[in-house]
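J.: Below you will find the structure I want to go over with you.
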Amino acid sequence: MCKKIYFPVSRTCTATLALKEANLRSKSYPFDWMGQSYETIAYILKNGIDHLFDDFEIYYNDLPPGDPPRILCKYYNIFFYHEAEPQLIEKIKEKYIKRYNILIEDIKNTKEICLVLSVQNEISLKTHYEVYNIPTTDIVGKPLDDNSLDSIKEAILEINPNITITTTKFHKEWHEMVEELKTPT
């Protein structure tokens, strides 16, 4: 049984980058490198990720010039910032389903989970979506940047009712998050 896992739940990749910088990232989870709301994370934890890429769209943006295409999974309204090869959609889907299964097993088999949050000065998820003219509500119709972690905590407790859930602080700057993660608890 794993003693503690770190689960990045930031709306963009900043939490994953902070875990990497603090040398605490040992596995890839499904929400590491994409844009999604807290409600969407909770929904997927409760219901699975079976509809990933059932309906998707490719978005292009030339700001900055040469910016690669991005993939939007329309069912979950999840934006894949770092998956720029839409012709490999089946391989990408397999990768994220595998990451989802790893996360669920880790939640089932750990005593403590630390939710690693976004930082205050990161660009909002709504702003990211607006650049591409993507709807700015999540899978249950809430604004993308809703700050309530309650739904994620409830979903985790449904998977493992004996787990202890902690969170990082809601830091203003990214380097503050890294320092917190580097400080032993």
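J.: Measure off 7 Å from each Cα along the Cα-to-Cβ vector at Thr183 and Glu85, then give the distance between these two points in nanometres to one decimal.
T.: The modelled label-to-label distance comes out at 4.1 nm.
J.: Please label the shape of segment 118-185 as rounded, prolate or oblate, based on the square roots a ≥ b ≥ c of the eigenvalues of the alpha-carbon gyration tensor (a/c under 1.5 means rounded; beyond that, a/b larger than b/c means prolate, else oblate).
T.: oblate
J.: Do any trypsin sites (Lys or Arg not before Pro) in segment 103-160 lie in a DSSP loop with no more than 13 other beta carbon atoms within 10 Å, and if so, which?
T.: Sparse-neighbourhood loop trypsin sites (Lys or Arg not before Pro): none present.
J.: For segment 1-153, which whole-number percentage of the solvent-accessible area (1.4 Å probe, protein heavy atoms only) is attributable to carbon and sulfur atoms?
T.: That fraction is 49 percent.
J.: Moving on. Name the shape class, rounded, prolate or oblate, that the alpha-carbon gyration tensor gives for the chain, where a ≥ b ≥ c are the square roots of its eigenvalues, rounded holds for a/c under 1.5, and otherwise prolate holds if a/b is larger than b/c and oblate otherwise.
T.: prolate
J.: How about segment 9-51: which chymotrypsin sites (Phe, Trp or Tyr not before Pro) there are in a DSSP loop, with at most 11 other Cβ atoms within 10 Å of their Cβ?
T.: Loop-located and lightly packed - none at all.
J.: Calculate, for Lys108 and Thr137, the FRET efficiency according to 1/(1 + (r/R0)^6) with r their C-beta to C-beta distance and R0 41 Å; round to the nearest 0.05. Please list the in-between numbers first.
T.: On the way: r = 31 Å, r/R0 = 0.75.
That pair, Lys108 with Thr137, gives E of 0.85.
J.: Separate question: Would you please give the residues with an amide H less than 5 Å from that of Ile139, counting only those at least 5 places away or on a separate chain, with H modeled from the backbone geometry?
T.: Hits under the 5 Å cutoff: Thr40.
J.: Answer rounded, prolate or oblate for segment 14-82, using the Cα gyration tensor with square roots of eigenvalues a ≥ b ≥ c: rounded when a/c is under 1.5, else prolate when a/b is larger than b/c, else oblate.
T.: Numbers: a/c = 2.46, a/b = 1.06, b/c = 2.32.
Oblate.
J.: Around Arg70, under 10 Å between beta carbons, what's the net of Lys plus Arg minus Asp minus Glu among the other residues?
T.: Values: positive: none; negative: Glu57, Asp67, Glu83.
Neighbourhood net charge equals -3.
J.: Shifting gears a bit: Compute the acute angle (0 to 90°) between the alpha-carbon long axis of helix 150-159 and the principal axis of greatest extent of the alpha-carbon atoms of the chain; round to the nearest 10°.
T.: 70 degrees
J.: Can you give the helix-only mean residue ellipticity at 222 nm for the chain, where every DSSP H stretch with n ≥ 4 adds -39500 (n - 2.57) and the sum goes over all residues, rounded to the nearest 500 deg cm²/dmol? The partial results should precede the final answer.
T.: On the way: 6 runs with 64 residues, N = 185.
Taking each H run of at least 4 residues, the total per residue is -10500 deg cm²/dmol.
J.: Below 8 Å, C-alpha to C-alpha, sequence gap of six or more: please give me the relative contact order for segment 103-185 in percent. Mind dumping the intermediate values first?
T.: Working: 70 pairs, mean separation 39.1, N = 83.
Here the relative contact order equals 47 percent.
J.: What pairs in Lys3/Lys46; Lys46/Lys182; Lys93/Lys182; Lys3/Lys91; Lys27/Lys91 have C-alpha atoms more than 28 Å from each other?
T.: Among Lys3/Lys46; Lys46/Lys182; Lys93/Lys182; Lys3/Lys91; Lys27/Lys91, the Cα-Cα distance tops 28 Å for Lys46/Lys182; Lys93/Lys182; Lys3/Lys91.
J.: Quick check: pseudo-label points 7 Å beyond the Cα along Cα→Cβ at Thr167 and Asn101, how many nm apart are they?
T.: It is 3.1 nm.
J.: Treating the angle as unsigned and between 0 and 90°, give the value, to the nearest 10°, between the Cα long axis of helix 89-108 and the longest Cα principal axis of the chain.
T.: With both axes taken from Cα atoms, the answer is about 20 degrees.
J.: Please give, to one decimal in nm, the separation of the simple spin-label points placed at Asn121 and Lys74, each 7 Å out from Cα toward the Cβ.
T.: Computed distance between label sites Asn121 and Lys74 equals 3.8 nm.
J.: Working only with C-alpha atoms, what are the Rg and Dmax values of segment 79-148, expressed in angstrom?
T.: Looking at segment 79-148, its Cα Rg and Dmax stand at 15.3, 41 Å.
J.: Which cross-chain or sequence-distant (5 or more) residues have an amide H under 5 Å from the amide H of Thr167, H modelled 1.01 Å from N in plane?
T.: It is Leu115, by chain and number.
J.: Ok, one more. Give the accessible surface of segment 1-103 per residue, rounded to a whole number of Å², with probe radius 1.4 Å and ligands, DNA and RNA excluded.
T.: 47 Å²
The values are calculated or read from the model by the stated rules, or taken from the named source; none is laboratory data. Note that the coordinates shown come from a computational prediction; the quantities given were computed from them, not determined experimentally. Glycine also receives a Cβ, built like all others from the backbone with ideal geometry; neighbour counts cover every protein chain displayed. The protein model used for the area step is the full one, side chains on, heavy atoms only, and it has no ligands, DNA or RNA in it. Shrake-Rupley method; radii C 1.70, N 1.55, O 1.52, S 1.80 Å.
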